[in-house]
Amino acid sequence: MKIGGWQGISLIDYPEKISSIVFFSGCNMKCGFCQNPSLVKSIEETKEDVVINAIIERKDFIDGIVLTGGEPTIQDRLIDFCKYFKDHGFSIKLDTNGYLPDMIERLISIVDYIAMDIKAVFSDYDKVCGINVDIEKIKASMEIIKNSTIDYEFRTTCVPIIITEEKIVEIAGYIPWTKRYVLQQYRNENTLDPNFLNIRPYPPEKIHRFASLANDFIHNVGVVGV
């Protein structure tokens, strides 16, 4: 597996848990606003056994592990990786773009929490993600998560040229049943496409306005990064 790095302790990335974070290299999308460009470009930096041993050494101090990237689900041995840590008593949170529903289906009985991105309204996915997107795969992953028994959230990064009030309303209409919907502030730093460096983030009050609109459809809406 390709691991681009890891973080020993996080208090904010796994709700109600102290976690370590594993950053996987490589991604099956090319979102211009992505803030982990080195991971998207598949730069492998850290040996797998080093990360595993370091996390096991912290077992007395952490409750869970966050798998992020890049896109974790493209890793060919991710299931065995997850099972190893589950066998050692860790809870596992998966961050994903949801583009591999077959992998989501296999992981749903192993992981404890999934955070899936909704990048944009469905009609904008090709443009936003930089690839030709089969939107039925995104919908399939959403349905798998919906029908699961684990904790989960969907989340959207509020990039000004991508997300508007009308589009937040449309996205919220896709998932009125969700347990949680999170709106993330966009940061114009270290983006995959340098053009996004020139896009100023929305003011905090605008993100809260989006949350209010989404709340008309979804009971639990959160805002982070403002």
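For residue 69, state whether it is at pLDDT below 95 and under 18 Å from the mean Cα position of the chain (by Cα). Yes; evaluated as a whole, the condition is true for this residue. Just one of (1) at pLDDT below 95; (2) farther than 28 Å from residue 132 by Cα; (3) surrounded by 14 or more Cβ atoms within 10 Å (Cβ to Cβ) fails for residue 91. It is (1). Selection of region 16-59 for residues being of a type in the set (A, V, I, L, M, F, W, C), surrounded by fewer than 19 Cβ atoms within 10 Å (Cβ to Cβ) and modelled with pLDDT under 90 yields only 43.
For region 78-120, a residue qualifies if it is in contact (Cβ under 8 Å) with a residue 60 or more places away in the chain and out of contact with any Phe, Trp or Tyr (no Cβ under 9 Å at 6 or more places or on another chain), and the qualifying residues are 81, 97, 99, 100. Is at least one residue of region 115-126 hydroxyl-bearing (Ser, Thr, Tyr) and surrounded by 14 or more Cβ atoms within 10 Å (Cβ to Cβ)? Scanning region 115-126, I find at least one residue that is hydroxyl-bearing (Ser, Thr, Tyr) and surrounded by 14 or more Cβ atoms within 10 Å (Cβ to Cβ), so the answer is yes. Can you find, within region 96-111, the residue that is nearest to residue 162 (Cα to Cα) among those that are buried (at least 18 other Cβ atoms within 10 Å of the Cβ) and in contact with a Lys or Arg (Cβ under 9 Å, 6 or more places away or on another chain)? That would be 97. So is residue 210 over 16 Å from the mean Cα position of the chain (by Cα), crowded, with 20+ Cβ neighbours inside 10 Å, over 20 Å from residue 153 (Cβ atoms) and in contact (Cβ under 8 Å) with a residue 24 or more places away in the chain or not? In short, no. Pick from region 171-226 the residues that are assigned to a loop (DSSP other than H, G, I, E, B) and among the hydroxyl-bearing types (Ser, Thr, Tyr): which of them is nearest to residue 160 (Cα to Cα)? Ranking the qualifying residues of region 171-226, first place goes to 202. If you go through region 147-188 one residue at a time, how many are of a type in the set (D, E, K, R) and over 16 Å from the mean Cα position of the chain (by Cα)? Residues flagged as of a type in the set (D, E, K, R) and over 16 Å from the mean Cα position of the chain (by Cα) within region 147-188 amount to 4.
Taking the numbered list (1) in contact (Cβ under 8 Å) with a residue 24 or more places away in the chain; (2) surrounded by fewer than 18 Cβ atoms within 10 Å (Cβ to Cβ); (3) more than 23 Å from residue 184 (Cα to Cα); (4) among the polar types (S, T, N, Q) in turn, residue 75 passes all entries but (2). Screening residue 86 on (1) in contact with a Ser or Thr (Cβ under 8 Å, 6 or more places away or on another chain); (2) at negative phi shows it passes everything except condition (1).
The values are calculated or read from the model by the stated rules, or taken from the named source; none is laboratory data. Given the structure is predicted, the values throughout are model-derived calculations rather than measurements. Ideal geometry is used to build each Cβ from the backbone, glycine not excepted, and the neighbour counts take in all protein chains shown.
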